[in-house]
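Presented below is the structure to which this report refers.
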Amino acid sequence: MGERTQLVAGNWKMNGLAADGVALARAVAARAAEPHRCDLLVCPPFTLIAAVAEALAGSDVGLGGQDCHAAASGAFTGCISAEMLRDAGCSHAIVGHSERRHTCGESDADVRAKAEAAWRAGLVAIVCVGEIRAEREAGRAVEIVSAQLAGSLPAGTGAAKLVIAYAPVWAIGTGLTATLADIAEIHAAIRRQIPAGTRILYGGSVNPRNAAEILALPEVDGALVGGASLKAEDFWAIAQAAR
Ligand code: PEP
């Protein structure tokens, strides 16, 4: 992936049985055979990773996990390690998604340990940060995101193994998006805290109608797409909006 080529990453979340996931992956791979300006990544549920890897074979669509455990192996029932993701064909792991921070109680320290685990396994860590609505309304979004970053990024962070996703919690899955000015402000603040060349994605109800104006912002290096990544045509339309 070239330096700051935009990245459009689909987070399928807990959606898809085998037939749906394979059909979606095949449709994305077929579209990706057409010219495109951005890097593409899909992050299916763990159960679909092997089948999606097979469906994407021969395409330039990358594969990521939606989370990983900090340990390489051991007595952690129900968890998946970064090494397992790598073994199954992944190049990336999302860590610190707000749905894990807020519903599973993951702390910045947990996220940092997971990012370290991703690197140990040779994966790129997509580290998610974002404020809740009350923090945005209190004018604390920059402060909150900066603190999350400071706590979530391991020492030795390098642009080649890191992607940041700014995904304000109140915008995820709600149909609400941050204003362009707010996105630009937060991305500029994040940029000051991370190594040069690191990509910063925006996430939060990105869809084919709003993608072009979001992806046109100079500090936006791509999108983390949830709901709209479940339809190949919508995901492709977002990818086509990359600058
Ligand atoms: C996400 O999962 O990070 C996300 C941005 O979801 P959605 O696009 O559905 O808001």
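The values are calculated or read from the model by the stated rules, or taken from the named source; none is laboratory data. Model, not experiment: these values are computed from the prediction. All Cβ positions, even for glycine, are placed from backbone atoms using ideal geometry, and neighbour counts span all protein chains on display. We work out accessible area using only protein heavy atoms, side chains counted, and drop any ligands, DNA or RNA first. Shrake-Rupley method; radii C 1.70, N 1.55, O 1.52, S 1.80 Å.
Quick notes on this structure:
- Failed item in (1) within 13 Å of the ligand (Cβ to nearest atom); (2) within 13 Å of the chain's Cα centre (by Cα), with Asn207 passing the rest: (2)
- Filtered residues of segment 149-166 (kept if out of contact with any helix residue (DSSP H, G or I) (no Cβ under 6 Å at 6 or more places or on another chain) and either basic (Lys, Arg) or open to solvent by less than 40 Å² (accessible area, probe 1.4 Å) (or both)): Leu149, Leu153, Thr157, Gly158, Ala159, Leu162, Val163, Ala165
- Screening Gly173 with (1) within 14 Å of the ligand (Cβ to nearest atom); (2) open to solvent by less than 60 Å² (accessible area, probe 1.4 Å); (3) modelled with pLDDT under 95 gives one miss only, at (2).
- Scanning segment 121-146 for residues that are within 16 Å of the ligand (Cβ to nearest atom), within 21 Å of Gln66 (Cβ to Cβ) and either open to solvent by 30 Å² or more (accessible area, probe 1.4 Å) or at pLDDT below 95 (or both) returns a single hit, Ile132.
- If only residues of segment 90-112 that are among the small types (Gly, Ala, Ser) and either within 14 Å of the ligand (Cβ to nearest atom) or crowded, with 20+ Cβ neighbours inside 10 Å (or both) are counted, the one that is modelled with the lowest pLDDT is Ser98.
- Neighbours by Cβ (under 7 Å, 6+ apart or cross-chain): first from segment 211-230, closer than 14 Å to Ala184 by Cα; second modelled with pLDDT under 95 and part of a helix (DSSP H, G or I): none
- Residues located in segment 85-100, provided they are more than 22 Å from Ala160 (Cβ to Cβ) and without any contact (Cβ under 8 Å) to a residue 40 or more places away in the chain: Arg100
- Filter pass, Ile164 being in contact (Cβ under 8 Å) with a residue 40 or more places away in the chain, under 24 Å from Met14 (Cα atoms) and within 15 Å of the ligand (Cβ to nearest atom): no
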